[in-house]
Amino acid sequence: MLSILPQLIASGLLIGGVYALLSIGLTLIFGVLRIVNFAQGEFIMLAMFGAFWANTLLGIDPYLSALVVVPVIFFIGMLVERYVIQRILFAAHSMQIFATFGLSVLMQNLALTFWGPDYHSVTTSYTSESFTIAGLSLSATSLFAFIAAIVMAAGLIGFLHFTRGGRALRAMVQNRYAASLMGVDTKRLNRLAFGCGVGCAAICGCILTPMYYTFPTVGVDLIITAFVVVVLGGMGSVAGAVVGGLIIGVAQTLTGFYLSVEFKDVVALLLFIVILLIRPQGLFGRAGTEDIGMK
């Protein structure tokens, strides 16, 4: 039983990479705008449909379709921020929840209207491929998702800490009023942050298209785990989203093998509860993170 442990851990880390990929855009939006975007899963769904139709109609690989899909979703995100998010940015939390949840329902039903409830899939040359590294068998699609999650997280952290725009974002989050007095265009940065957050969701959707079925409510199934990962890692922490995703992925894999598949979500959520009892702010979060912002 122990001889297979390295393979289980490797598989769990790859699954955790997928969870991290789901969570990075969500934590970026919360870290900057202080809003939990309940429609984040639907932006992933739109990207998956975009990649599916690009493959079906034009024969474009789902990964290459990101070159078109991501800019389109980014533009849609900026429009949503301008006409929906901006109007509720300083409203009560209940209003923010209702607005983003309503947007989620609207996007699901529009997808149902235009594309129907059917399940769609994309099969590529690498869908069933795997690599053998150090004696471990690694799924090609999961490995690509893992690499994408690491690259996205590193890119965002680098942007936030080493660029002028990133420092302006962090300054705005710490004190919006003082940043505006220093000449920071807070409205433009809000729009950029939300657009980048849903752009991350679009990248995620294109990468996950060869791995999951595409259907109008796929975002709901995907985003539930993402919420757990974001809170576990620490609200607003990009690094926390990656580490939280890896922890949940490994916990689910080990539980599914050594106990039962039926218990994998139970054990992962129990682990989630235990960690939050010890650190209510999450692994990489700070006390009062709802007022502090991005790390």
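The values are calculated or read from the model by the stated rules, or taken from the named source; none is laboratory data. As the structure is a prediction and not an experimental result, all values here were calculated from the model. Here the Cβ is made from the backbone with ideal geometry for all residues, glycine too, and neighbour counts use every protein chain on show.
Laid out as a table, the results:
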{"item": "Residue in region 1-46 that is surrounded by the fewest Cβ atoms within 10 Å (Cβ to Cβ), counting only those that are among the small types (Gly, Ala, Ser) and within 23 Å of LEU136 (Cβ to Cβ)", "result": "SER3"}
{"item": "Candidate set from region 232-249 (those that are surrounded by fewer than 24 Cβ atoms within 10 Å (Cβ to Cβ) and out of contact with any helix residue (DSSP H, G or I) (no Cβ under 6 Å at 6 or more places or on another chain)); member that is nearest to PHE38 (Cα to Cα)", "result": "ALA239"}
{"item": "Scan of region 255-266 for residues that are within 15 Å of TYR19 (Cβ to Cβ) and in contact (Cβ under 8 Å) with a residue 12 or more places away in the chain, ordered by number", "result": "THR255, LYS264, ASP265"}
{"item": "Residue check for THR186: out of contact with any strand residue (DSSP E or B) (no Cβ under 6 Å at 6 or more places or on another chain) and loosely packed, with under 13 Cβ neighbours inside 10 Å", "result": "no"}
{"item": "Any hit, region 156-174, residues being at negative phi, of a type in the set (A, V, I, L, M) and surrounded by fewer than 16 Cβ atoms within 10 Å (Cβ to Cβ)", "result": "no"}
{"item": "ILE278 being more than 30 Å from ALA54 (Cα to Cα) and either surrounded by fewer than 20 Cβ atoms within 10 Å (Cβ to Cβ) or among the hydroxyl-bearing types (Ser, Thr, Tyr) (or both)", "result": "yes"}
{"item": "Test: residue in region 77-98 that is among the aromatic types (Phe, Trp, Tyr), farther than 20 Å from SER237 by Cβ, modelled with pLDDT of 95 or more and more than 16 Å from the chain's Cα centre (by Cα)", "result": "no"}
{"item": "Residue ranges of helices (runs of 4 or more DSSP H) in region 158-219 with at least 3 members closer than 20 Å to VAL242 by Cβ and either polar (S, T, N, Q) or touching a Phe, Trp or Tyr at 6+ places or on another chain (Cβ under 9 Å) (or both)", "result": "186-208"}
{"item": "Checking ALA134 against (1) farther than 30 Å from LEU246 by Cβ; (2) loosely packed, with under 13 Cβ neighbours inside 10 Å; (3) free of Cβ contacts under 8 Å to residues at least 60 places away in the same chain, the condition it does not meet", "result": "(1)"}
{"item": "Given (1) without any contact (Cβ under 8 Å) to a residue 24 or more places away in the chain; (2) within 23 Å of VAL230 (Cβ to Cβ), number of the condition VAL80 does not satisfy", "result": "(1)"}
